Amino acid sequence: MGHETDSVVSLRVYPAVSGHTSTIPAIIQRPRIEAVMSGKFEIFCDTSGKFRWRLEAGNGEIVAQSQAYTSKDAAKKGIASVQSTAAAAPVVDLAAAS
């Protein structure tokens, strides 16, 4: 990472959903989705003076955090990118092939 064209976000790893042979993030379970939807994006300055954002769920848990950006405007654009694409993004289970 380090370039603003790399990955926009790193997500927290959740345990496997019981009853499934593949590892499906618990974030797709309805209660967790509702917690995220009632959450908020926060922009902050990290220890190196770069800007980052994090997505805090309604329960206070940090579920996503961005890469470092050189400006606050770039961090805001990263948030806008996630907001515009995440709602319609399909879930692709790459663990199913393993």
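A few comments on the model shown:
- Selection within the range 78-97: residues that are in contact (Cβ under 8 Å) with a residue 24 or more places away in the chain and assigned to a loop (DSSP other than H, G, I, E, B). The member of this set that is surrounded by the fewest Cβ atoms within 10 Å (Cβ to Cβ) is V91.
- Any chance A75 is part of a strand (DSSP E or B), surrounded by 17 or more Cβ atoms within 10 Å (Cβ to Cβ) and either at pLDDT below 80 or touching a strand residue (DSSP E or B) at 6+ places or on another chain (Cβ under 8 Å) (or both): no
- Members of the range 49-72 that are outside any loop (DSSP other than H, G, I, E, B), over 18 Å from S38 (Cβ atoms) and within 14 Å of the chain's Cα centre (by Cα): R52, Q65, S66
The values are calculated or read from the model by the stated rules, or taken from the named source; none is laboratory data. Because the structure is a prediction, the values reported are computed rather than measured. Every residue, glycine as well, gets a Cβ built from its backbone with ideal geometry; the counts of neighbours run over all protein chains shown.
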